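A.B. asks: This is the structure, below, for whatever I ask next.
The values are calculated or read from the model by the stated rules, or taken from the named source; none is laboratory data. Owing to the predicted nature of the structure, the values given are computational and were not obtained by experimental measurement. Please note: Cβ atoms are built from the backbone with ideal geometry, for glycine as well, and neighbour counts cover all protein chains shown. To get the accessible areas, we keep the full protein, side chains included, count just its heavy atoms, and leave off ligands, DNA and RNA. Shrake-Rupley method; radii C 1.70, N 1.55, O 1.52, S 1.80 Å.
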Amino acid sequence: MLKVPDHQVAGHQADRGKLGPLVDDSGRFYKPLQSDQRGDTEVAFYESFYSNTEIPGHIRKFFPGFHGTQIIEASDGSGPQPHLVLEDLVAGRMNPSVMDIKIGSRTWYPEASEQYIQKCLGKDRNSTSVSMGFRISGLKVYQNSEAGFWQPEKKVVYSFNADGVRSALRKFVSSNLSLDPDADPDCLYASTVYGHRGGILAQLLQLKEWFEVQTNYHFYSCSLLIFYDTESALDGRAHPKVKLVDFAHVMDGHGVIDHNFLGGLCSVIKFIRDIVDEDNKCAKCEVNLGLKENGFYKSNTEIELDYEAS
């Protein structure tokens with residue numbers, strides 16, 4: 001049986017008769033193929049990526065599993081339509097905290113129409129994309145069984161400036177939002193989720209090392225999805241994950257490093273690193289954060305990640 005995803009925080013959502021993704025109980029995520037070649041582009045990327053023997057195994061784990069395409073009934077009642085069949089990244093997690101971060105100061109692709117470029121420029125300039133190299137597209141943070149999730153409205157998220165982004169990243173690992181969303185976030189889970197060995201920061205640093213050398217693809221308007229299990233975070237078993245999603249605008253890299261994505265990724269790393277440094281539990285951080293080089297933070301040692309089963 002197909003149903004609307006419970007933990008989607010950004011993008012087109014299949015509610016109130018709209019076209020959007022669906023999930024099933026077997027751990028698969030069905031994403032409608034987009035029009036105007038975007039759907040074909042995304043399918044082509046997945047086929048290229050998973051057939052490319054140059055992609056290291058530890059990098060493949062940052063991408064959703066790909067199971068081809070399938071024609072199913074669309075969520076908007078328009079009848080059978082082709083869908084990408086992907087891994088449901090949060091399948092099996094009861095109450096995950098989730099954040100979607102769109103990477104890059106430029107979200108349009110080189111061959112886009114002038115109308116599409118102007119549309120993207122408006123969003124990029126009116127958000128933190130241009131100034132910071134990324135913007136938060138949506139988030140939800142689980143608090144407890146009584147309060148449920150804290151989830152700011154889309155218009156609030158879209159209005160974030162640098163201070164708003166910094167606050168949201170702190171709230172994402174905090175436990176006191178149900179008491180007062182405007183209170184200073186306690187960052188109770190910062191060391192477990194961000195700073196722990198195998199945590200978000202370690203995974204981002206490993207992903208950064210690949211983007212510093214990979215020249216096969218340029219990822220426009222792609223997002224980082226970060227999530228963890230809030231209820232088990234106090235016991236140090238938050239199972240934090242970083243995944244890349246949304247590849248409708250991936251282009252051939254033509255042997256050139258994707259500086260647009262890399263710059264945004266480094267900016268995210270800097271913001272999260274600052275939170276770990278501020279956290280009074282940062283002494284427990286087991287990640288070698290490395291030296292600052294050319295304005296960015298680089299890992300000095302190979303980070304061995306423990307990818308626990310979701």
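A.B. asks: Before we move on, is residue 283 at pLDDT below 95 and open to solvent by less than 20 Å² (accessible area, probe 1.4 Å)?
C.D. replies: Working: at pLDDT below 95: yes; open to solvent by less than 20 Å² (accessible area, probe 1.4 Å): no.
In short, no.
A.B. asks: In region 52-65, how many are closer than 18 Å to residue 21 by Cα and crowded, with 17+ Cβ neighbours inside 10 Å? Quick ask: steps written out before the conclusion?
C.D. replies: Start the filter on region 52-65 by keeping residues that are closer than 18 Å to residue 21 by Cα, which leaves 63-65.
From what's left, crowded, with 17+ Cβ neighbours inside 10 Å: 63-64.
Count: 2.
A.B. asks: OK, next. What residue, among those in region 93-111 that are open to solvent by 60 Å² or more (accessible area, probe 1.4 Å) and more than 18 Å from the chain's Cα centre (by Cα), is farthest from residue 134 (Cα to Cα)?
C.D. replies: Going through region 93-111, the residues open to solvent by 60 Å² or more (accessible area, probe 1.4 Å) turn out to be 94, 106, 110-111.
This time we only want the ones that are more than 18 Å from the chain's Cα centre (by Cα), so: 94, 110-111.
Numbers: 94: 28, 110: 18, 111: 21 Å.
Here the residue is 94.
A.B. asks: From the set of residues in region 3-61 that are modelled with pLDDT under 85 and of a type in the set (Asp, Glu), which is nearest to the chain's Cα centre (by Cα)?
C.D. replies: 15
A.B. asks: Only one of these conditions is not met by residue 225: (1) open to solvent by 30 Å² or more (accessible area, probe 1.4 Å); (2) at pLDDT 95 or above. Which number is it?
C.D. replies: (1)
A.B. asks: Okay, moving on. Going through 252, 180 one at a time, which residue ends up being open to solvent by 30 Å² or more (accessible area, probe 1.4 Å) and at pLDDT 95 or above?
C.D. replies: Details: 180 fails: at pLDDT 95 or above.
Sole residue among the options that is open to solvent by 30 Å² or more (accessible area, probe 1.4 Å) and at pLDDT 95 or above: 252.
A.B. asks: Among the residues of region 63-105, which ones are at pLDDT 95 or above and basic (Lys, Arg)?
C.D. replies: Answer for region 63-105, where residues must be at pLDDT 95 or above and basic (Lys, Arg): just 102.
A.B. asks: For residue 216, are the conditions met, namely being touching a residue at least 12 places away in the same chain (Cβ under 8 Å), within 30 Å of residue 59 (Cβ to Cβ) and open to solvent by 40 Å² or more (accessible area, probe 1.4 Å)? Walk me through it before giving the result.
C.D. replies: Numbers: touching a residue at least 12 places away in the same chain (Cβ under 8 Å): yes; within 30 Å of residue 59 (Cβ to Cβ): yes; open to solvent by 40 Å² or more (accessible area, probe 1.4 Å): yes.
Answer is yes for this residue.
A.B. asks: Same structure again: What are the residues in region 148-170 that are part of a helix (DSSP H, G or I) and either of a type in the set (A, V, I, L, M, F, W, C) or open to solvent by less than 30 Å² (accessible area, probe 1.4 Å) (or both), if any?
C.D. replies: Just the residues of region 148-170 that are part of a helix (DSSP H, G or I), to begin with: 154-158, 162-170.
Result: 156, 157, 162, 164, 165, 168, 169.
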